[in-house]
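Below you'll find the structure, written out as structure tokens, and then a few comments.
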Amino acid sequence: QVQLVESGGGLVQAGGSLRLSCAASGNIFSIWAMGWHRQAPGKQRELVATITKYGNTNYAGSVKGRFTISMDNSKKAVYLQMNSLKPEDTAVYYCSASSTGYPNNYWGQGTQVTVSS
């Protein structure tokens with residue numbers, strides 16, 4: 001009983017920046033972690049970054065140092081600040097949430113990020 005809505009995708013030049021947002025609604029009190037995954041054409045969906053309600057974060061090695069994940073804990077909104085973007089970052093980015101209820105994992109609809117060179 002959690003719904004996720006993403007925004008902020010677009011087209012940017014290599015080296016540019018973009019900020020993705022994801023707002024959760026529904027049974028938000030059950031959420032203990034949120035994150036971002038991405039999927040490029042012809043490839044499997046992969047982890048980008050996650051954050052817990054306690055502030056613990058982890059990042060894929062390919063984005064470490066360039067991307068920053070943050071959370072508004074009261075609203076259960078999650079953000080992804082993407083800097084120094086590369087063409088290989090081009091993908092559909094999906095917001096995710098983990099909860100203590102059932103089902104325990106939720107996904108947003110995805111937002112397209114395209115980096116040109």
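So, with +1 on the Cβ of K and R and -1 on the Cβ of D and E, and no other charges, what is the size of the charge dipole of the chain about its Cα centre, to the nearest 20 debye?
120
Counting other Cβ atoms within 10 Å, keep those with at most 16, restrict to DSSP loop, and tell me which chymotrypsin sites (Phe, Trp or Tyr not before Pro) in the range 38-117 are left.
Passing both the DSSP loop test and the Cβ count: 54.
Could you provide, to the nearest whole Å², the per residue accessible area of the chain with probe 1.4 Å?
Details: 6150 Å² over 117 residues.
In whole numbers, the chain has 53 Å² accessible per residue.
Please sort by residue number the trypsin sites (Lys or Arg not before Pro) in the range 28-71 whose DSSP state is loop and whose Cβ has at most 13 other Cβ atoms within 10 Å.
43, 53, 64
Just 48, 78, 63 to compare: in a GNM of the chain, with alpha carbon springs under 10 Å, which one fluctuates most?
The residue that fluctuates most here is 63.
Farthest toward the dipole's positive end in the range 1-72, which of 63, 35, 51, given Cβ charges of +1 (Lys, Arg) and -1 (Asp, Glu) about the Cα centre?
Comparing the listed Cα positions along the dipole, 63 ranks first.
May I ask for the distance between the Cα centers of the range 22-41 and the range 72-96, given as a whole number of Å?
Each part's Cα centre sits 11 Å from the other's.
Which one, 10, 74, 108, is farthest towards the positive end of the dipole of the chain when Lys and Arg carry +1 and Asp and Glu -1 on their Cβ?
Of the options given, the answer is 74.
With a 1.4 Å probe and every protein chain kept in, tell me what percent of the accessible surface of the range 51-110 is carbon plus sulfur.
47
The values are calculated or read from the model by the stated rules, or taken from the named source; none is laboratory data. Just so it is clear, the structure is predicted and the values come from calculations on it, not from any experiment. Every residue, glycine as well, gets a Cβ built from its backbone with ideal geometry; the counts of neighbours run over all protein chains shown. In case anyone asks, the SASA skips ligands and DNA or RNA and just uses the protein heavy atoms, side chains included. Shrake-Rupley method; radii C 1.70, N 1.55, O 1.52, S 1.80 Å.
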